[in-house]
Amino acid sequence: MIKAEVIVDNTAWKNKIKNISQLFNRILKNLPKKYFLKNKKTIITVLLSNNSKIKKLNKIFRKKNKPTDILSFPIKKNIDKNFFYLGDIIISYEFMNKPKKISLPEFKKKVAKIFIHGFLHLKGFDHKKNNDFDKMQKEERKIFNLVKNKIWKQFLKKKQYLTYIYFVLVY
């Protein structure tokens with residue numbers, strides 16, 4: 001099991017998506033099994049922030065004095081025999097909310113995709129070289145489509161057809 005502890009330090013996130021931690025945990029729950037550790041609960045922290053704060057972190061840790069869409073900080077530490085801390089992901093609201101008139105479904109899709117991107121960084125993926133970029137992008141698409149399809153099947157099992165139709169329109 002992988003669980004996200006979500007911290008929101010920018011109210012725009014809460015105004016845009018209600019129960020935002022549910023979005024991240026639903027994605028994590030439906031990841032391919034290869035990303036799960038046997039007999040250990042994995043924890044990540046997701047900080048939902050803004051350009052100003054992510055710019056400061058980007059300058060401190062990456063020596064780049066500009067905002068970015070996402071930062072990932074792999075920690076990879078055993079907390080105890082039952083828990084493993086994978087790392088931290090920080091996402092900028094302003095980057096996700098472009099264009100400003102972005103629809104809620106498109107916003108959620110964009111957040112889901114960038115979250116998967118950040119998660120892959122925590123798992124050791126990188127995109128400094130073209131070959132690595134291609135591998136990472138392929139894995140992102142694969143995970144996004146897999147998660148999307150698993151969530152659709154869950155809706156169908158529960159006979160939540162209207163929810164399913166909404167989900168299809170959203171994603």
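The values are calculated or read from the model by the stated rules, or taken from the named source; none is laboratory data. For clarity, every value in this text was computed on a predicted model and none was experimentally measured. Glycine also receives a Cβ, built like all others from the backbone with ideal geometry; neighbour counts cover every protein chain displayed. Heavy atoms of the whole protein, side chains included, go into the accessibility calculation; ligands, DNA and RNA do not. Shrake-Rupley method; radii C 1.70, N 1.55, O 1.52, S 1.80 Å.
Where the second residue is surrounded by 19 or more Cβ atoms within 10 Å (Cβ to Cβ) and polar (S, T, N, Q) and the first is over 18 Å from residue 30 (Cβ atoms) and lies in the range 107-132, which pairs have Cβ atoms under 8 Å and are six or more apart or on separate chains?
Close Cβ pairs (under 8 Å, with a partner that is surrounded by 19 or more Cβ atoms within 10 Å (Cβ to Cβ) and polar (S, T, N, Q)) amount to 121/72.
Keeping to the range 89-101, report how many residues are touching a residue at least 12 places away in the same chain (Cβ under 8 Å) and either open to solvent by 40 Å² or more (accessible area, probe 1.4 Å) or assigned to a loop (DSSP other than H, G, I, E, B) (or both).
3
Answer yes if at least one residue in the range 149-161 is in contact with a Phe, Trp or Tyr (Cβ under 9 Å, 6 or more places away or on another chain), open to solvent by less than 50 Å² (accessible area, probe 1.4 Å) and modelled with pLDDT of 85 or more, and no otherwise.
no
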